[in-house]
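Down below is the structure, laid out as structure tokens.
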Amino acid sequence: MTNSANQEPDLVVLYGKMYQIRRVEERFEELFKASEIYGSLHLCIGQEATVTGACAALRSEDYITATYRGHGATLAKGTSVRAVVAELFGRETGCCHGRSGSMLLTDLAVGNLGCSGIVAGGIPIATGAALSARLSKNNRVAITFFGEGATNQGVFHESLNMAGLWKLPCIFFCENNLYAEMTHISKEASVERMADRGCACDIPGVVVDGNDVEEVYRTTAQAVARARAGQGPTIIEAMTYRLTGHMFGDAQTYRPKAEVESWRARDPLRVARRKLEDRGVNAGMVEEIHQRVEAEIDEAIAFARQSPEPKSEEVSRYVFCEPSANGRA
Amino acid sequence: MSSASRPLTEEPERILTYAQALNEALHEEMVRDQSVVLLGEDIGEYGGIFTVTRGLLEDFGRERVIDTPISEGAIVGSALGLALTGYRPVVEIMFVDFVFVASDQLFNHVGKACYISGGQRAVPLVVRTQQGSGGGKGAQHSQCLEALFCHIPGWKVVAPSNAADAKGLLKSAIRDGNPVAFLEHKALYFQKWPMPTGDSPIPIGKARLVREGRDVTLIAYSKAVQLAVSAAEQLAEEGVMAEVIDLRTLKPLDLETILESVAKTKRVVLIHEAHRFGGLGAELAATIQEKAFHYLKGPVQRITALDVPIPFNRTLEKIVLPSIGAIILAVHSSLGR
């Protein structure tokens, strides 16, 4: 859900996108339990405001890279529910023709250069996309989404240095959900604020409430404006929390229930809903959004179920490129 | 390029070093295609530690010849980002040994990008690097790592043995549209070769018959081709006619040329400077026995580096590396002598 007009997006629209991401993932959980989908499943339930607010500050031609917890990011950037759902079903109609599954979603048509199954894997790729924007002077920006755990990887620091050195239009968007897989960040990082890590590369860092979609939007929009103006990269550290485990089947023995409950009270959907109520948006309108989203997901699941599996004889297809790749005619 | 203008025969023949030939290929491709950009350590102002990129910064400017920090992971990752957004980056990794620093990007990302996106992402990315022993460079600056690249689907792998091939293959690599590992050899950079007239690219996936023979096939690539040719010359003196094939491209393999030769000579000796265990020789030997078992008169033999880190000491290094003598012994043994 990108924003070409550069206007403050309507909270109703942002809420609708977050609700869509939430419900798609809740349905994935059910489908996974029923063994209709398989493989790995890393949900971003509780983190929907980060990707939704951030992508709302982008234009459709801007770039993102994201992580194996990337369903929300690609939906927020504009991938259709059908394409994502069919991909998790492993079907030919999925956005990656059944070759990626949950972790590696890519949708070049909406500017998602790719999700990565490797922690920090997408960061240098977005840095390169930002370099590309700089070289071609097309005024695009790149956002790379990653968790706070990724800030301990070498390539994060390499990329920061490169982006800081060349003042690239790259936004390093850290979704700090407090846990690097199963380990609390206090046991992993030498700093309290991941945003501070930019200072080593002369990159400003800002911390934002990652569960407030409007705050995320505003902060990102400022960083994007800065990047487009040639003033270089920004680190955004969005404080958030995943309300489910690291992956499907995570026993979550590493965190107290009270902590989870305290964050549940700050669920980004609740936060947005409360604001909508405060602003007098009637419940009927919200209900309408819910129904529309549910119908969209029902339709997408039905579509995926009816979609063909990839052809066995095409198992080797796409190892090398075909003429249509990268949007080339 | 003073040597280029010096006529050695009646027909003025162009002589270039391997490094100069690579430089010409880069220059010509950058003129031909504005989307070709170079990234690497010390490639711009310094001109590359082996002079391959000398003069390109002056001709094409800082936006196309990009000196990078020493950050191999971010160099390759950002090149991937460039490749996905309209550029054709050519990365220089100063020594192949440094690819380990970039290995996540090379092997988890670049090589798989096209496939896992269902063909959405083409990756027109060339990684130029140089490998092999250069005399005393030691264990972290002398390796031959072609087997790594060959093992990961999505990569094409090229290893030119001479200046003409270096130029023609680099042009093809840049135009290919897929990730190509372009493996140069440090000991070849300042050797001189005659260049062919015209500058048509040499197709990826085609081996070259260097020398015809009927008794045994020597298969090599990169600098080891010189060992094979020297061995063949010595063998010829005793009446053994060795055929020499320069693979040029390691993946995809030119099986047709290999199998045609095996069918003729029925004996094979494989030569490479990489370690033996799990090296490309193992792949070649396995493939040859699968496809041409009934032609073979004896086991396919391998002459390779020992499975030892490359030692610094001159004498020890020599022991580790393949030699002409070892090739000749292998040929004798294959002929039952």
* Asked: Can you find even one residue in region B:266-283 that is touching a residue at least 40 places away in the same chain (Cβ under 8 Å), basic (Lys, Arg) and under 28 Å from B:TRP193 (Cα atoms)?
  -> no
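Kindly indicate whether any position in region B:100-108 is acidic (Asp, Glu), under 26 Å from B:GLY154 (Cα atoms), surrounded by fewer than 24 Cβ atoms within 10 Å (Cβ to Cβ) and under 24 Å from the mean Cα position of the chain (by Cα). If you could, list the steps in order and put the result at the bottom.
Here is the first cut: in region B:100-108, the residues acidic (Asp, Glu) are B:104.
Keeping just the survivors that are under 26 Å from B:GLY154 (Cα atoms) gives B:104.
With surrounded by fewer than 24 Cβ atoms within 10 Å (Cβ to Cβ) added as a condition, the list becomes B:104.
So of that shortlist, the ones also under 24 Å from the mean Cα position of the chain (by Cα) come out as B:104.
Yes, the conditions are met somewhere in region B:100-108.
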* Asked: Given the conditions (1) at pLDDT 95 or above; (2) more than 13 Å from chain B (Cβ to nearest Cβ), and given that A:HIS184 satisfies all but one, which numbered condition is not satisfied?
  -> (1)
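Do you know which residues across region B:55-91 are surrounded by fewer than 19 Cβ atoms within 10 Å (Cβ to Cβ) and either of a type in the set (Val, Ile, Thr) or not assigned by TED's automatic domain parsing to the domain that holds B:ALA21 (or both)? Walk me through how you get there before you give the answer.
Narrowing region B:55-91 to residues surrounded by fewer than 19 Cβ atoms within 10 Å (Cβ to Cβ): B:55, B:58-59, B:61-63, B:67, B:69-70, B:86.
Once the filter is applied, which keeps residues that are surrounded by fewer than 19 Cβ atoms within 10 Å (Cβ to Cβ) and either of a type in the set (Val, Ile, Thr) or not assigned by TED's automatic domain parsing to the domain that holds B:ALA21 (or both), region B:55-91 yields only B:ILE70.
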* Taking region B:62-88 as the search range and keeping residues that are in a strand (DSSP E or B) and within 28 Å of A:ALA325 (Cα to Cα), which one is nearest to the other protein chains (Cβ to nearest Cβ)? -> B:ILE66
* Among the candidates B:GLU290, B:GLU238, which residue alone is farther than 28 Å from B:LEU183 by Cα and either more than 23 Å from the chain's Cα centre (by Cα) or surrounded by fewer than 16 Cβ atoms within 10 Å (Cβ to Cβ) (or both)? -> B:GLU238
* Asked: For B:VAL91, which of the numbered conditions (1) over 19 Å from the mean Cα position of the chain (by Cα); (2) within 14 Å of chain A (Cβ to nearest Cβ) fails to hold?
  -> (1)
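Right, A:LEU113: within 27 Å of A:LEU14 (Cα to Cα), modelled with pLDDT of 95 or more and touching a Leu at 6+ places or on another chain (Cβ under 7 Å) or not?
Working: within 27 Å of A:LEU14 (Cα to Cα): yes; modelled with pLDDT of 95 or more: yes; touching a Leu at 6+ places or on another chain (Cβ under 7 Å): yes.
Yes.
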* Structure fact -> A careful count of residues in region B:172-210 that are assigned to a loop (DSSP other than H, G, I, E, B), under 16 Å from the mean Cα position of the chain (by Cα) and of a type in the set (Gly, Ala, Ser) gives 3
* Please specify each residue of region B:35-78 satisfying the condition of being of a type in the set (S, T, N, Q) and without any contact (Cβ under 8 Å) to a residue 40 or more places away in the chain. => B:THR53, B:THR68, B:SER71, B:SER78
* Asked: Only one of these conditions is not met by A:ARG242: (1) surrounded by fewer than 19 Cβ atoms within 10 Å (Cβ to Cβ); (2) within 25 Å of A:PRO9 (Cα to Cα); (3) among the basic types (Lys, Arg). Which number is it?
  -> (1)
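Listed here are the residues, each with its yes/no results for (1) touching a residue at least 40 places away in the same chain (Cβ under 8 Å); (2) under 26 Å from A:ASP250 (Cβ atoms); (3) in contact with a Leu (Cβ under 9 Å, 6 or more places away or on another chain).
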site	(1), (2), (3)
A:GLU175	yes, yes, no
A:GLU181	yes, yes, no
A:LYS187	no, yes, no
A:MET194	yes, yes, no
A:CYS199	no, no, no
A:GLU214	yes, no, yes
* Asked: Which one of these does B:ASP59 not meet: (1) part of a loop (DSSP other than H, G, I, E, B); (2) at pLDDT 95 or above?
  -> (1)
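Can you name every residue in region B:106-121 that is in contact (Cβ under 8 Å) with a residue 12 or more places away in the chain and either away from chain A (no Cβ under 11 Å) or touching an Asp or Glu at 6+ places or on another chain (Cβ under 8 Å) (or both)?
Our first condition is that a residue be in contact (Cβ under 8 Å) with a residue 12 or more places away in the chain; within region B:106-121, this holds for B:106-107, B:109-115, B:121.
Selection gives B:LEU106 alone.
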* To do: For region A:124-135, enumerate the residues that are more than 7 Å from chain B (Cβ to nearest Cβ) and touching a Gly at 6+ places or on another chain (Cβ under 9 Å).
  => A:ALA130, A:ARG134
* Read through the list (1) crowded, with 24+ Cβ neighbours inside 10 Å; (2) within 13 Å of the chain's Cα centre (by Cα), then give the number of the only condition that A:THR127 fails. => (2)
* Among the listed residues A:GLY245, A:GLY232, A:GLY249, which satisfies the condition of being closer than 30 Å to A:LYS167 by Cα, touching a Leu at 6+ places or on another chain (Cβ under 9 Å) and assigned to a loop (DSSP other than H, G, I, E, B)? -> A:GLY232
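Yes or no, residue by residue, for (1) more than 9 Å from chain B (Cβ to nearest Cβ); (2) more than 30 Å from B:ARG62 (Cα to Cα); (3) among the polar types (S, T, N, Q):
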{"position": "A:SER80", "(1), (2), (3)": "yes, yes, yes"}
{"position": "A:THR93", "(1), (2), (3)": "yes, yes, yes"}
{"position": "A:LEU104", "(1), (2), (3)": "no, yes, no"}
{"position": "A:GLY111", "(1), (2), (3)": "yes, no, no"}
{"position": "A:VAL119", "(1), (2), (3)": "yes, yes, no"}
{"position": "A:LYS137", "(1), (2), (3)": "yes, no, no"}
{"position": "A:ILE143", "(1), (2), (3)": "yes, no, no"}
* Asked: Which of the residues belonging to region B:122-171 are crowded, with 24+ Cβ neighbours inside 10 Å, within 14 Å of chain A (Cβ to nearest Cβ) and either of a type in the set (S, T, N, Q) or in a loop (DSSP other than H, G, I, E, B) (or both)?
  -> B:ALA122, B:VAL123, B:PRO124, B:LEU125, B:TRP155
* Considering only residues that are among the basic types (Lys, Arg) and within 12 Å of another protein chain (Cβ to nearest Cβ), look in region A:284-329 and name the one that is surrounded by the fewest Cβ atoms within 10 Å (Cβ to Cβ). => A:ARG328
* In region A:216-229, the residues that are assigned to a helix (DSSP H, G or I) and either within 26 Å of A:GLU158 (Cα to Cα) or under 16 Å from the mean Cα position of the chain (by Cα) (or both) -> A:VAL216, A:TYR217, A:THR219, A:THR220, A:ALA221, A:GLN222, A:ALA223, A:VAL224, A:ALA225, A:ARG226, A:ALA227, A:ARG228
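The values are calculated or read from the model by the stated rules, or taken from the named source; none is laboratory data. Remember, predicted model here, so these are calculated numbers, not experimental data. Backbone-built Cβ (ideal geometry, glycine too); neighbour counts: all protein chains shown.
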